[in-house]
Amino acid sequence: MEDDCQPLLSSEQTGESYSHRGSTDSLDFKSKRPFHVEPRNIVGDDPQERISAEAAILNSRVHYYGKLTGSSDRLLSPPDHVIPRPEEIYIYSPLGTAFKVGGSEQLSKNPSIVTIFAIWNTMMGTSILSIPWGIKQAGFTLGIFILIFIGLLMLYCCYIVLNSRKAIPLVDTSEWEFPDVCKHYFGKVGQWLSLIFSMVSLIGAMVVYWVLMSNFLYNTGQFIHNYAYQINISDSDFGTNGSDRVICPYAKTDPGRNDSVSLIHFSNGGNDTSDAFEHWWSKTNTIPLYLIVLLLPLLCFRSASFFARFTFLGTISVVYLIAMVTYKAVRLGFHLEFHWFDTTQFYVPEFRTYFPQLTGILTLAFFIHNCIITLMRNNKNQEKNVRDLSVAYILVGLTYLYVGVLMFAAFPSPPLFKDCIEPNFLDNFPSSDVMVFVARTLLLFQMITVYPLLGYLVRVQTMGQIFGNHYPSFFHVLALNVLIVAAGVLMAKFYPNIGSIIRFSGATCGLALVFVFPALVHMISLNQQGALSWPSAFFHSFLILLGLANLVAQFFM
């Protein structure tokens, strides 16, 4: 009875290492591992819920170990597999009731539905605007097949990344990210390569954001100017008529075609005010420079917590975009003809040789591998991580399919031909379209808040690796931000093609973080366990070759 009255709670962590237990410096016969005393009732959803037989057996085991630890030998303390998980620890009162311990870490865990939509919201980026163009480049039938195939492939590689830490024995990997796993297997070279390719994806996204923000700000300004001065002007003479007007800004888009359509822009007779506006409000010459005044100071903020509060704008923008696409498709109707290999005047074949452009876009569209461990760490149901990840990928794939298929099918052919679909499908609608104006405005505000967050991630990873400090000085941060902004300005001015930027950055970062490193890590871990088979080695080697072919093919499109 005297032993039962001794305190069983210790300030030591339950996850201490075995080497620490064997240290003579930490010997204390009064120190016990935390666990239950014999309970009577557990206070939970049911006030009279009895303790389970499994918990009672576990409790008896720890009582047994508790009696052994009366000696000074800490090696006889309860092993880790006997100690309950944090969510199973209770505080018991002398009356026999028990209250579950709910620490701050546990309270911060998210249920599965929140985790799924967090992944969906994180993956839903600017790539959704280029999916219809990618389907057009690959062909309607082949494009749908590629979208499903790449989605499943990216899900599998993401699954490897998520489980990569578990295969490392005798090391506490609970706080590791994938670059730490690469460092474990490949040393400093692996860590730096994973960091560099992660920077490619982040900076590539920031460049795309700058191009799109220039585009959205330009069209938003055009809409406000034309409305204020009551200017009725069409974007192009080549387009459909009616209230749901669709245009073809650059009619000659297929490199294999010789069609030439002259673009006639209606003007208001050489009005000086309009001429001055067009001079100072240029999509490529002035707008990218105006954004510097707004965004460069925001990038220099020490913390990005303020901008994280506006991430809900991303969900609102995507939901509105889906609703707008649905409305446009209903109004325009479907315009499809199936020509399997031959190009006609208005339609593209179902199978085209430009399909690597879609694979490059999808590699970035489904890319979340560099932060999936962080997102899943906050999942309340850790045993359901694989299920939640799969559901999230299915939702993302269905969203891409929905937007891409509807926009491609509803594009009015004839009178326009499918090759008119732009890398940013919003460019196929005039600036005077009210629904598209709202979409551009929402996306513009969303990107203004997300852009500093991306810059913060680049700064933290880069400065942390080089200087060991996330904010070494204002001038260091300013120099990095100037380089990032300069890249965006130059691309917005000289090559504002988001489809090509997305596919190149996606194929580049995907080569390392999606195909090479996950496949190698998986094969090495299986080999160390003696479980690597020839089919598995062949399949994962094929993944590496597939990633390399995806990158090389982008240079020939």
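Can you confirm whether segment 438-449 contains a residue that is within 30 Å of ASP244 (Cα to Cα), touching a Gly at 6+ places or on another chain (Cβ under 7 Å), at pLDDT 90 or above and of a type outside the set (A, V, I, L, M, F, W, C)? Looking for residues that are within 30 Å of ASP244 (Cα to Cα), touching a Gly at 6+ places or on another chain (Cβ under 7 Å), at pLDDT 90 or above and of a type outside the set (A, V, I, L, M, F, W, C), one finds none in segment 438-449, hence no. For segment 319-336, a tally of residues being among the hydrophobic types (A, V, I, L, M, F, W, C) and closer than 15 Å to PHE429 by Cα returns 5.
For segment 506-529, a tally of residues being under 16 Å from ILE150 (Cα atoms) and among the polar types (S, T, N, Q) returns 1. Within the option set GLY204, GLY187, GLY143, being part of a helix (DSSP H, G or I) and on the phi > 0 side of the Ramachandran plot holds for one residue only, GLY187.
For SER533, state whether it is exposed (fewer than 14 other Cβ atoms within 10 Å of the Cβ) and within 22 Å of TYR156 (Cβ to Cβ). Against the criterion (exposed (fewer than 14 other Cβ atoms within 10 Å of the Cβ) and within 22 Å of TYR156 (Cβ to Cβ)), SER533 qualifies.
Checking the condition under 16 Å from MET123 (Cα atoms), assigned to a helix (DSSP H, G or I) and within 27 Å of the chain's Cα centre (by Cα), which residue from ILE368, ILE394 passes? When all the criteria are applied, what remains is ILE394.
Looking at this structure, is LYS380 among the charged types (D, E, K, R), in contact with a strand residue (DSSP E or B) (Cβ under 8 Å, 6 or more places away or on another chain) and at pLDDT below 90?
Numbers: among the charged types (D, E, K, R): yes; in contact with a strand residue (DSSP E or B) (Cβ under 8 Å, 6 or more places away or on another chain): yes; at pLDDT below 90: yes.
Yes; evaluated as a whole, the condition is true for this residue.
Within segment 126-166, the set of residues being more than 23 Å from ILE394 (Cβ to Cβ) and open to solvent by 30 Å² or more (accessible area, probe 1.4 Å) comprises ARG165, LYS166.
Condition (residue is more than 24 Å from ARG387 (Cβ to Cβ), of a type in the set (Phe, Trp, Tyr), touching a Phe, Trp or Tyr at 6+ places or on another chain (Cβ under 6 Å) and surrounded by 19 or more Cβ atoms within 10 Å (Cβ to Cβ)) applied to segment 209-221: is it met by at least one residue? Full working, then the answer.
Going through segment 209-221, the residues more than 24 Å from ARG387 (Cβ to Cβ) turn out to be 209-221.
If we keep only those that are of a type in the set (Phe, Trp, Tyr) as well, we get 209-210, 216, 218.
Applying the additional criterion that residues be touching a Phe, Trp or Tyr at 6+ places or on another chain (Cβ under 6 Å) yields 209.
Applying the additional criterion that residues be surrounded by 19 or more Cβ atoms within 10 Å (Cβ to Cβ) yields 209.
Checked segment 209-221: at least one residue is more than 24 Å from ARG387 (Cβ to Cβ), of a type in the set (Phe, Trp, Tyr), touching a Phe, Trp or Tyr at 6+ places or on another chain (Cβ under 6 Å) and surrounded by 19 or more Cβ atoms within 10 Å (Cβ to Cβ).
All conditions in (1) surrounded by fewer than 18 Cβ atoms within 10 Å (Cβ to Cβ); (2) under 24 Å from GLY499 (Cα atoms); (3) of a type outside the set (S, T, N, Q) hold for ASP172, with the sole exception of (2).
Report whether or not THR353 is assigned to a loop (DSSP other than H, G, I, E, B) and farther than 25 Å from TYR320 by Cα.
Yes.
Would you mind finding the one in MET435, MET463 that is out of contact with any Leu (no Cβ under 9 Å at 6 or more places or on another chain) and surrounded by fewer than 22 Cβ atoms within 10 Å (Cβ to Cβ)?
Numbers: MET463 fails: out of contact with any Leu (no Cβ under 9 Å at 6 or more places or on another chain).
Result of the check over MET435, MET463: MET435.
Could you look through segment 397-419, keep only residues that are hydroxyl-bearing (Ser, Thr, Tyr) and in a helix (DSSP H, G or I), and pick out the one that is most open to solvent (accessible area, probe 1.4 Å)? Among those that are hydroxyl-bearing (Ser, Thr, Tyr) and in a helix (DSSP H, G or I), it is TYR402. Search segment 295-342 for residues being within 27 Å of VAL485 (Cα to Cα) and not in a helix (DSSP H, G or I), and hand back the single one that is modelled with the highest pLDDT. Per the stated criteria, the residue is CYS300.
Any chance segment 399-406 includes a residue that's at pLDDT 85 or above and in contact with an Asp or Glu (Cβ under 9 Å, 6 or more places away or on another chain)? The answer is no; no qualifying residue exists. Being under 26 Å from the mean Cα position of the chain (by Cα) and of a type in the set (Gly, Ala, Ser) is the filter here, so list the residues in segment 413-467 that pass it. Hits for segment 413-467 are ALA439, GLY455, GLY464. Cβ-Cβ distances below 8 Å connect the following pairs, each with a first residue in segment 354-368 that is surrounded by fewer than 24 Cβ atoms within 10 Å (Cβ to Cβ), a second residue that is among the aromatic types (Phe, Trp, Tyr), and a separation of six or more residues or different chains: PRO356/PHE556.
Residues checked against (1) within 28 Å of GLY530 (Cβ to Cβ); (2) assigned to a helix (DSSP H, G or I):
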site: CYS157; (1), (2): yes, yes
site: ILE160; (1), (2): yes, yes
site: ASP180; (1), (2): yes, yes
site: TRP192; (1), (2): no, yes
site: PHE197; (1), (2): no, yes
site: VAL211; (1), (2): no, yes
site: ASN215; (1), (2): no, yes
site: PHE223; (1), (2): no, yes
site: ASN232; (1), (2): no, no
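The values are calculated or read from the model by the stated rules, or taken from the named source; none is laboratory data. None of these values were measured; they are calculated from a predicted model. For neighbour counting, all protein chains shown are included, and Cβ atoms are generated from backbone atoms with ideal geometry for every residue, glycine included. Surface accessibility is based on the protein's heavy atoms, side chains included, excluding ligands, DNA and RNA. Shrake-Rupley method; radii C 1.70, N 1.55, O 1.52, S 1.80 Å.
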